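Engineer: One structure follows; several queries about it will come next.
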C-alpha cells in the first residue's frame, strides 16, 4: 500500500509540472491534499508556478493552497512564477496574498538576479497600487 501512495504522489507532481489541469483537478476532488509536498518540500503550487502552468496555479489557490509556503531551499511560488515569466501566475499569487519579500531568494531578488525587467515592472506596478 505504501508503494501505491508514493506512486500516486509522484503522479500528482508530474501532473503539476506537465500542466495537466483537468487530471490534477480530478485527483484533488477525490481527496489528494492541496498542500502535498515532494521530498524537496516543493508543493504542487510551487511546481505549477515554476513550470508556468497558470490554470493549475489558479485552481490550487482557489482550493486554499498557501501562496507563501516555502520549499526546503526557501523558494516560493511567486519567485518561481517570476522566473518562469508567467504574468498570470504572478498576478494570481499576488491577489492571493503572496509576499514578494519572503523566501530565499525573494521574488524581488529573483527578478534582479535573472535580470527580468518585464517581471520587475509587473511586480512594481502591482505593489504600487
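Engineer: State whether segment 13-57 is rounded, prolate or oblate according to the following rule on the C-alpha gyration tensor (a ≥ b ≥ c being the square roots of its eigenvalues): a/c under 1.5 gives rounded; otherwise a/b larger than b/c gives prolate, and the remaining case gives oblate. Don't jump to the answer; show the numbers that get you there.
Structural biologist: Working: a/c = 1.98, a/b = 1.08, b/c = 1.84.
Oblate, since a/c reaches 1.5 and b/c is not below a/b.
Engineer: Now, a different point. Nearest 500 deg cm²/dmol is fine: what mean residue ellipticity at 222 nm does the chain get from its DSSP H runs of n ≥ 4 alone, each adding -39,500 (n - 2.57), divided by its residue count?
Structural biologist: Details: 8 runs with 77 residues, N = 129.
Here the helix-only value at 222 nm equals -17500 deg cm²/dmol.
Engineer: Explain nothing, just the number: relative contact order of segment 2-128, from Cα pairs under 8 Å at least 6 residues apart, as a whole percent.
Structural biologist: On the way: 183 pairs, mean separation 24.7, N = 127.
Here the relative contact order equals 19 percent.
Engineer: Pulled fully out, how much extra length does the chain show between residue 118 and residue 30, if you take 0.36 nm times their separation in residues and subtract their Cα-Cα distance? Write down the numbers at each step before the final one.
Structural biologist: Values: separation 88, 0.36 × 88 = 31.68 nm, distance 3.83 nm.
Extra length from residue 118 to residue 30 when fully extended: 27.9 nm.
Engineer: Suppose the chain between residue 91 and residue 62 were pulled fully straight at 0.36 nm per residue; how much longer would it get relative to their current alpha carbon spacing?
Structural biologist: Numbers: separation 29, 0.36 × 29 = 10.44 nm, distance 1.35 nm.
Using 0.36 nm per residue and subtracting the Cα-Cα distance, I get 9.1 nm.
Engineer: Next question. Given the peptides 87-94, 45-52, 29-36, 108-115, arrange them by the average over their residues of other C-beta atoms within 10 Å, most packed first.
Structural biologist: Output ranking for 87-94, 45-52, 29-36, 108-115: 45-52, 87-94, 108-115, 29-36.
Engineer: Taking the Cα atoms of the chain alone, what are Rg (to one decimal) and Dmax (as a whole number) in Å?
Structural biologist: 14.3, 51
Taken together, the values in this text are just the output of simple stated rules run on the coordinates, not laboratory data. Computed from a prediction, not measured in an experiment: that's the story for all the values here. Note: ideal-geometry Cβ built from the backbone for every residue, glycine included; neighbour counts use all protein chains shown.
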